[in-house]
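This report concerns only the one structure given below.
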Amino acid sequence: MLDATAVGPGTRVLDLGCGAGLFARAAADRGALVTGIDTDPAAVRLAAGEVPEGTFLVTGAAAAPPGPFDVVAAVQLLMHVADPVAVLRAAARRGPVVAATVWGRDDECDLRVVGEALAPWLGAARPSSGPPPVTEPDRLRTLAGWAGLVVERLDEVVCPFWYADEDELLGPLFDSALVSAVARRAGPVGLRAALLEHLRPFRTATGGYRLQNVFRVLVARPEASE
Ligand SMILES: C[S@@+](CC[C@H](N)C(=O)[O-])C[C@H]1O[C@@H](n2cnc3c(N)ncnc32)[C@H](O)[C@@H]1O
């Protein structure tokens, strides 16, 4: 994503939904001037610690500072908002280049097995009616168009995730809000066993785990700036 948007020294980057600041850190390492925003105050605190030279604010994407920015990024955000078009429209108003990543479809991402392991405690999954998810490439293109963006590229990036052992894989999962909530209901021991059972096909010969996941990377420009 940084390559696709030519982020380098002095590039002014707005990172929407910055989370703990991983993308912001990578951009700042290239010399970019990063502003990150997130609705979660704890995430903003982490990001500010990760990138002390950046500027971080607790706010929603629609209320992001006006900039000007050279690149507006939304890394793994669009699946988590009620109105992805509103987020993309806000991005389009703040910079001449908008980049967003989303997961691939469930069947392209081995991490889906985590959802499958949690399913007995979460009840019914996504409804089968309604619009397709934002992880569908055609849907992502459509939403970008509705937000006034012209899609320049929509790439598919295959990323293997390697974990040295089950603790490295399960530790961050149990720290997440969703899994820790299920663990409170299911009991941590039972949930751990269910997760390991679903993850067994991805075990490596050395006792680690390898899960392969697809990300889509969209790069677009606001219609007016073409
Ligand atoms: C899956 S995380 C991705 C975090 C980070 N971009 C990354 O890739 O590591 C999604 C983040 O978006 C934030 N978020 C959700 N809705 C938001 C909104 N409307 N505006 C800004 N941030 C939002 C969440 O608090 C969370 O930190």
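The values are calculated or read from the model by the stated rules, or taken from the named source; none is laboratory data. Given the structure is predicted, the values throughout are model-derived calculations rather than measurements. Here Cβ is always computed from backbone atoms with ideal geometry, including for glycine, and neighbour counts include all displayed protein chains. Quick note on the areas: whole protein, heavy atoms, side chains included, nothing else; ligands and nucleic acids left out. Shrake-Rupley method; radii C 1.70, N 1.55, O 1.52, S 1.80 Å.
Listed values, structure above:
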quantity	calculated
When residues of the range 50-61 are limited to those that are of a type outside the set (Asp, Glu) and open to solvent by 60 Å² or more (accessible area, probe 1.4 Å), the one farthest from Val75 (Cα to Cα)	Pro52
Pairs where the first residue, in the range 71-82, is farther than 27 Å from Pro9 by Cα and the second is within 6 Å of the ligand (Cβ to nearest atom) and assigned to a helix (DSSP H, G or I), C-beta under 9 Å, 6+ apart	Val81/Ala61
Complete set of residues in the range 166-218 that are small (Gly, Ala, Ser) and open to solvent by less than 50 Å² (accessible area, probe 1.4 Å)	Gly171, Ser176, Ser180, Ala181, Ala183, Ala186, Gly187, Gly190, Ala194, Gly207, Gly208
Residue in the range 140-151 that is touching a helix residue (DSSP H, G or I) at 6+ places or on another chain (Cβ under 8 Å), farther than 21 Å from Thr5 by Cα and open to solvent by 40 Å² or more (accessible area, probe 1.4 Å) present	yes
Gly104 vs. criteria on the phi > 0 side of the Ramachandran plot, more than 13 Å from the ligand (Cβ to nearest atom) and either modelled with pLDDT under 95 or not aliphatic (A, V, I, L, M) (or both)	no
Long-range neighbours under 9 Å by Cβ, at least six apart or interchain, first residue farther than 25 Å from Ala147 by Cα and acidic (Asp, Glu) within the range 43-69, second open to solvent by 60 Å² or more (accessible area, probe 1.4 Å) and at pLDDT below 95	none
Output for the range 107-139, where each listed residue is open to solvent by 50 Å² or more (accessible area, probe 1.4 Å), within 29 Å of Ala193 (Cβ to Cβ) and in contact (Cβ under 8 Å) with a residue 12 or more places away in the chain	Glu116, Pro120, Trp121, Leu122
Long-range neighbours under 9 Å by Cβ, at least six apart or interchain, first residue closer than 30 Å to Arg221 by Cα within the range 146-175, second modelled with pLDDT of 95 or more and aromatic (Phe, Trp, Tyr)	Asp155/Phe215; Glu156/Phe215; Val157/Phe215; Val158/Phe215; Cys159/Phe215
Hits in the range 21-42 (condition: buried (at least 19 other Cβ atoms within 10 Å of the Cβ) and near the ligand (Cβ under 9 Å from one of its atoms))	Gly21, Phe23, Ala24, Gly36, Ile37, Asp38
Unique match (being more than 20 Å from Leu2 (Cα to Cα), within 14 Å of the ligand (Cβ to nearest atom) and either in contact with an Asp or Glu (Cβ under 8 Å, 6 or more places away or on another chain) or part of a loop (DSSP other than H, G, I, E, B) (or both)) among Ala117, Ala73, Ala82	Ala82
Residues located in the range 169-226, provided they are of a type in the set (D, E, K, R) and not in a helix (DSSP H, G or I)	Arg203, Arg210, Arg216, Arg221, Glu226
